[in-house]
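Take a look at the structure set out below.
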Amino acid sequence: MEEREGEVRWDGLCSRDAAARDAALDTIGQAVLRRAESIASGAAADGLPVPAARDGLGEALARLLMLSKRCPFADVREKSEAILSGVQELGIRIPRPLGHGPSRFIPEKETIQVGKEDATMHTLFAESFATLGRLDNVTLVMVFHPQYLESFLKTQHYLLQMDGPLPLHYRHYIGIMAAARHQCSYLVNLHVNDFLHVGGDPKWLNGLENAPQKLQNLGELNKMLAHRPWLITKEHIEQLLKTEENSWSLAELIHAVVLLTHYHSLASFTFGCGISPEIDCEGGHTFRPPSVSNYCICDITNGYHGVDEIHASPAGSIPVSSTESVCEVEALMEKMKQLQECRDEEEASQEEMATRFEREKRESMFVCSSEDEESAATRDVSRHFEDTSYGYKDFSRHGMHVPTFRVQDYSWEDHGYSLVNRLYPDVGQLLDEKFHIAYNLTYNTMAMHKDVDTSMLRRAIWNYIHCMFGIRYDDYDYGEINQLLDRSFKVYIKTVVCTPEKTTKRMYDSFWRQFEHSEKVHVNLLLVEARMQAELLYALRAITRYMT
């Protein structure tokens, strides 16, 4: 039933023309029902042995289930459901979704329901579906912020599908390599499917050593960018550009660097917002009937159904009253007001500002979660990269020093932007728009309060992330960070940015307890873009040094 074997074509469903979608669904329905009837009667289907036919049917049914729940076009949702019912009437079990909604951290009723979105969101959903062939869970969580989502989708579409230095299958493989550094099976699964769809060689998926040497050579840069970008030098760049037959061109390398940083930071978003597996991917559906309690123990063991709720309130923990949470918001607003008054009254000396930065940078090394334990990469994902033991944590554990990167010596606005635009036209512009939207996005609200200027808080979050990467803004007073970001918030930021695979629902719940989920998603957008820009600054500075 695999599309790449030409048995079923799903592409027609992405059309904006209802008649084209209808014709595509008729063809799909006939192929699926024909296969189901053959299996139900015990005969071989389409010349395939029954077990192979069952596998193919299972994949198609999971895809139809996803379409019935997640397609922005009502005609596709309804007809997909009808095809599934037809298969069920033949006595064949059909799948049902596991989990509740696009995020394990956000109750489904608080997310946008497909089919109930407004006109602006529908346009975004239709655009996403037409370009990706799916409406993924990342999109359904990001749509809390439509202006950002539009910029994100436009950039991602350009990187993956428009004209560029790298062939399409290389782009998806680099996405797999980047997501695998953080054991992000959600993104790996999506890009494995896309890689095969654009004609990628399935052998490459058996491990990085099976990919071309040129991609293997990118492994070291991938590793450093993901975990310790400050170690990247012009010598690393030279090795990639000067390796005789497997060398990269400068334009190809810029494309690869942007893809690597995009997927490292998207892995942060995926874990930071508790994104659920896609309905048609492993862990997103089951063919088992629901048990009395609505989920079976195997689902809990696999972490797909309600497991976070079970761990969310450990025995002995004291629930926080809403009064305490309200006080938390009031206290934060009061601190912002006091800091603004201090700013107006006096300005610290340059020496004092430098000292405060170094103190904050040093302290950020020791921010870690109490539930921080080693988590082994699953074999499935770790085969896509080498040196699984290399991570951010080893660095702070050995007491090494992050050098200071001064933004006035090399910045995105004055240096990085023009380098990217020169070597990969239009991408610098797209990234610049996305950075600005994330940084400046505001609805002037804080929890239940309206007409609040949140710029001080947004700047503290952005600069704290850059501080963890050793990046310093001379005109910023880093003393503000400790005033505005409490320990539970710092733990969450550090985990999502540096070791996202260790993020838990408890960490997500424990910061900003009185704030809306949309505000916590907004925090994640800041984390994504600040992390991406930090990685890019180190890589682009090394490329600039190589070129000069």
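The values are calculated or read from the model by the stated rules, or taken from the named source; none is laboratory data. Bear in mind the structure is a predicted one, so any value in this text is a computation, not a measurement. Glycine also receives a Cβ, built like all others from the backbone with ideal geometry; neighbour counts cover every protein chain displayed. The protein model used for the area step is the full one, side chains on, heavy atoms only, and it has no ligands, DNA or RNA in it. Shrake-Rupley method; radii C 1.70, N 1.55, O 1.52, S 1.80 Å.
Here are some notes:
- One chain, two ends: T123 and Q147. Fully extended at 0.36 nm per residue, the span grows by 7.4 nm beyond their Cα-Cα distance.
- Contact order normalised by residue count of region 82-150, Cα under 8 Å, 6+ apart, percent: 27 percent
- In the context of the full set of protein chains, residues of region 452-546 present 24 Å² of accessible surface per residue (probe radius 1.4 Å, heavy atoms only).
- Local electrostatic count, W412, Cβ distance below 12 Å [Lys/Arg +1, Asp/Glu -1]: -3
- Region 152-167 and region 447-485 have Cα centres lying 32 Å from one another.
- Distance violations [Cα-Cα > 25 Å] among K337/K450; K214/K494; K69/K502: K214/K494; K69/K502
- Each peptide in 277-287, 401-411, 463-473 was scored by the mean count of other Cβ atoms within 10 Å over its residues; highest first, the order is 463-473, 277-287, 401-411.
- Which of Y263, V192, W204, positive extreme of dipole for region 180-268 (C-beta unit charges): Y263
- Residue-count net charge about Y170 - beta-carbon cut-off 9 Å; Lys, Arg +1, Asp, Glu -1: +1
- For region 171-258, the carbon plus sulfur part of the accessible surface works out to 44%, probe radius 1.4 Å.
- Positive end of the dipole of region 90-236 (Cβ unit charges, origin at the Cα centre): among L168, H122, H100, the Cα lying farthest that way belongs to H100.
- Mean separation of Cα pairs under 8 Å and 6 or more residues apart, divided by the residue count, gives region 449-548 a relative contact order of 33 percent.
- Between Q113 and T544, the C-beta separation translates, for a Förster distance of 45 Å, into a calculated FRET efficiency of about 0.45.
- In the full protein context, region 168-271 carries 31 Å² of accessible surface per residue, based on a 1.4 Å probe and ignoring ligands, DNA and RNA.
- At R0 = 51 Å, FRET efficiency that the Cβ-Cβ distance of E89 and Q429 yields, to 0.05: 0.45
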